[in-house]
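Q: Starting off with a structure, shown below.
Values in this text are rule-based calculations from the coordinates and carry no lab data. Since the model is a prediction, treat every value here as computed from it, not as a measurement. Don't worry about glycine lacking a Cβ; one is built from the backbone with ideal geometry, like all the others, and counts go over all protein chains shown.
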Amino acid sequence: PATTYYFQTQTRDAYTQDGSFSTVTSTITDTPAALDPPTVSGFSNTTTSIQISWSAVTGATYYTVSSTVPGYETVTTTNTNYTYGSLDANTTYSFQTQTRDAYSQDGSFSSVTSTITDNHATPTAPTSFASSTITSTTIAMTWTDASNNETGFLFDYTSSTFPGVTSSLAIDSTSKTTSALLPNTAYTFRLRSENYTVASNYVTSSAIYTNPATPLSTTLSSNGQTSMLISWGANSNPSTTVYEVYNVTDAEVVTTTTQTSAYATGLAANTSYQFAVRSQYLSDNATYTAYTTSTVASTDAISSSITMTLPVGTSSTFQIAEGGDTHTATVDSIADGVVTMTIQTEPVVVSGSTGESDTIDSNGDGSDDLQITYDSVGASSVDFTLASYTPPSSGSSGSSGGSAITTKNGPQTMDGKTITATAMHLNNDSGYTKEQTISVTFDQNTASLIALSTDATFADAAYAPAKQTYTVTLPNAYGTYTVYAKLRSSAGGITVLSKQITYTAQETINDTTERPTNTSSDTCILKEGKPYKSPFSSAVYYVTDTCTKRPFQTAARYFEYFLSWNNVTVVDADVLGAVTTDPAGYMPHGQLYTPLVNTILKATTDPKVYWFSGNNLHWIVSETVFNTLGYAWNNIEHVGTSILERFTHGEDITQDHIRPNGTLIKYEYSPRVYVIEKDPQNSTRQVKQWIHDEETFTSLHYHWQNILTINEAEIYPNGETL
């Protein structure tokens, strides 16, 4: 083959005479087809070298290897391997191989194959890891860099358990200040040196507390003749913070408490007082912040009617008339909405629920002279009014009180006017919320103190200084809740406002099946669960079980519900128009649709979001877990309930640092795609399996958009290649 041959021709006649030879001509035999490229059989890697090996090809005289190795883009060799040196650690390099045959023909290149050099050496852990400057919202940490080969540091902190909030720091860093922390809260820090994808062990601090914040806006409200309610803002301090309440006027400590309000008792009637509050360090119970001091306020004057609030186990003294007897009111207990109180000089035990009243003989002369009205009985305190009482005369009709009774029919301010917070608004009156924390605002708010709760008894609430806008955190479960507001004037008057709001799923689907109408199948003019169209329109609609219509956006979506166009019923346009258009405006995937592996699914009538493993549904229990694991809200596929009912429910995804088996991942520095699976040799750990090519990826029913790009610090051992 591929050889040149020469030829001449000559004639001989009948007389045996030979003629002359023709001109010499030549030709070349055909050259064989070029050889196929060699197949790469493997790599042998170190931190600085790669040896590539390939299968021998019969007929090859030498091999050419093209690569991304700087300075060695093309090399030739007669061997079936080649070693590259002086490479960078933990770096991806790509290769192609080619043959040349005995006829100097170059074959085609093989497909590109990539590999990564090994990691660098493990760096030494930092030393002397400790805090330096601390404020109420920042902690500065310092350390000694004990390594000479790190590429950076990973800094991590938490107020609970690790992993917490992480950040990558530059090479040679020796300090880091963390800000936006909560006051008076314990944080733990840890740090490690990193050298590309290898790292030292963590060094971990002990618990370090931020300083407490100074209380906000100490506010006073008269609580009868001898008591004052002191309230203040926590200023983001945690609920475990201890506050010291100080009577500035009498120069004495009133109490210490973890609440944000307290009662001062034993005061003088119609007297001005000033109070101050400071926060105690949780790290050192002998150290406090500066005081926040209130303005001056007065206790009530002695009168024939007194309104006050008392928690269980507290007492307050009062007089109904100047120079009259001094009595003591004590709240003994509250159970099942009924308060039990003792009124004395002459002890009398009374009890009642909200709105009820009692009359008693307070001085033991045999005639009732005092009326107690239970204005509002809460879980741990009671608002009540004491008023002088004159028994009806024998000729009267027996009314419950005489002309001497004066009651507070509405909450009063210092000038005698009712509190003018005329309305309460939740989330700007939207009626629903996707967030657990909502805003609360008031119109024309002249209250001094406000308590907010989702419990009508205000069991979890405390008074706080009044302002125009507040936030309230709803319970964890989705549903409709009532928010209650108790407003208190500086003179002790109280009123309660309430309003409802619906807490819905994180991603609100505007679906009428979540807000049922009164329309039933008995009144719907078209049959639910069927497709319809009008004569002169190509649009096909589905009638829902609440008698609304939704359009099929595509033919493919239609065939997820029905097998043929023959299922469509043509009706008059007026008939179809009489069916209300569903606000959702779309059709979710139907019962004939099969989701791909690794898909995120959600039914339109269920707020839960699931990860689909191919066989099981796994509920992602919170937004935090969803976001931390790298899933995207816009990748959620909305499906009909019937699809979710086809699959069994697997283990819930509750941890944001453990990815479920079957998750597709890749690293930013490499084109390789892996699937995380349980290690067959050790069920307590996971491995990553490289999906070798696109055909394998597709055959496993994976979807490209479900690949998660993860941080290179998230390391898994290599498993078997797929």
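Q: Would you mind checking which residues have amide H under 5 Å from SER217's amide H? H placed 1.01 Å from N; only 5 or more apart, or other chain.
A: GLY233
Q: I would also like to ask the following. With 10 angstrom as the radius, rank ARG557, ARG646 by how many other C-beta atoms surround their C-beta, starting from the fewest.
A: ARG646, ARG557
Q: Counting only C-alpha contacts under 8 Å and six or more residues apart, can you give the relative contact order of the stretch 163-280 as a whole percent?
A: Relative contact order of the stretch 163-280: 22 percent.
Q: Restricting to the chain, compute how many DSSP beta bridges are antiparallel as a %, nearest 5.
A: 90 percent
Q: Output ³J(HN,Hα) for the stretch 626-635: one whole-Hz value per residue in order, computed from phi by the Karplus curve 6.51 cos²θ - 1.76 cosθ + 1.60 with θ = phi - 60°, and x for Gly and Pro.
A: Coupling constants for the stretch 626-635: 4, 5, 5, 7, x, 6, 10, 4, 6, 9 Hz.
Q: Then there's this: Counting residues in the stretch 32-119 as N, plug N into 2.2 N^0.38 Å and put the Cα Rg over that result.
A: Compactness ratio reported: 1.08.
Q: Pairs of alpha-carbon atoms within less than 8 angstrom and 6+ residues apart define the contacts here; what relative contact order does the stretch 424-503 have, in percent?
A: 35 percent
Q: Going Cα to Cα from LYS602, which lysines come in below 29 Å? Please leave out same-chain ones fewer than 8 positions away.
A: Cα-Cα hits under 29 Å: LYS434, LYS527, LYS530, LYS533, LYS549, LYS666, LYS678, LYS688.
Q: If you find the alpha carbon centre of the stretch 56-105 and of the stretch 303-367, how far apart are they in angstrom?
A: Cα centroid to Cα centroid, the span is 98 Å.
Q: Relative contact order (percent) for the chain, with alpha-carbon contacts under 8 angstrom and 6 or more residues of separation?
A: Normalised by residue count, the contact order of the chain is 5 percent.
Q: Sorted by average packing, counted as other Cβ atoms within 10 angstrom per residue and highest first, what order do 424-433, 299-308, 380-389 take?
A: 380-389, 299-308, 424-433
Q: Would you calculate a helix-derived [θ] at 222 nm for the chain, using -39,500 (n - 2.57) for each DSSP H run of n ≥ 4 and dividing by the full residue count, to the nearest 500?
A: -500 deg cm²/dmol
Q: Taking amide H positions as placed 1.01 Å from N in the peptide plane, with prolines and chain starts having none, which residues 5 or more places from LEU370, or on another chain, fall under 5 Å of its amide H?
A: ILE360, SER362, TYR389
Q: Can you sort ARG659, ARG685 from fewest to most other Cβ atoms within 10 Å of each residue's own Cβ?
A: Listing ARG659, ARG685 from fewest to most nearby Cβ atoms yields ARG685, ARG659.
Q: Which cross-chain or sequence-distant (5 or more) residues have an amide H under 5 Å from the amide H of GLY352, H modelled 1.01 Å from N in plane?
A: VAL339
Q: Just to check I understand the Karplus step: with θ = phi - 60° and J = 6.51 cos²θ - 1.76 cosθ + 1.60, what whole-Hz values come out for the stretch 684-700, glycine and proline as x?
A: 8, 10, 10, 10, 10, 10, 6, 8, 5, 8, 5, 4, 5, 4, 5, 5, 8
Q: Right, next: For the residues TRP54, TRP232, what sequence is obtained by ranking on other C-beta atoms within 10 Å, fewest first?
A: Listing TRP54, TRP232 from fewest to most nearby Cβ atoms yields TRP54, TRP232.
Q: Next question, about the same structure. Once phi is turned into θ = phi - 60°, what whole-Hz ³J(HN,Hα) does the Karplus curve with 6.51, -1.76 and 1.60 give for every residue of the stretch 643-651, x standing for Gly and Pro?
A: So the J values, rounded to whole Hz, are 5, 5, 6, 6, 10, 7, 9, x, 5.
Q: Largest first, please: the extent of the C-alpha atoms of the chain along each principal axis, to the nearest Å.
A: Reported extents, whole Å, longest axis first: 177, 81, 43.
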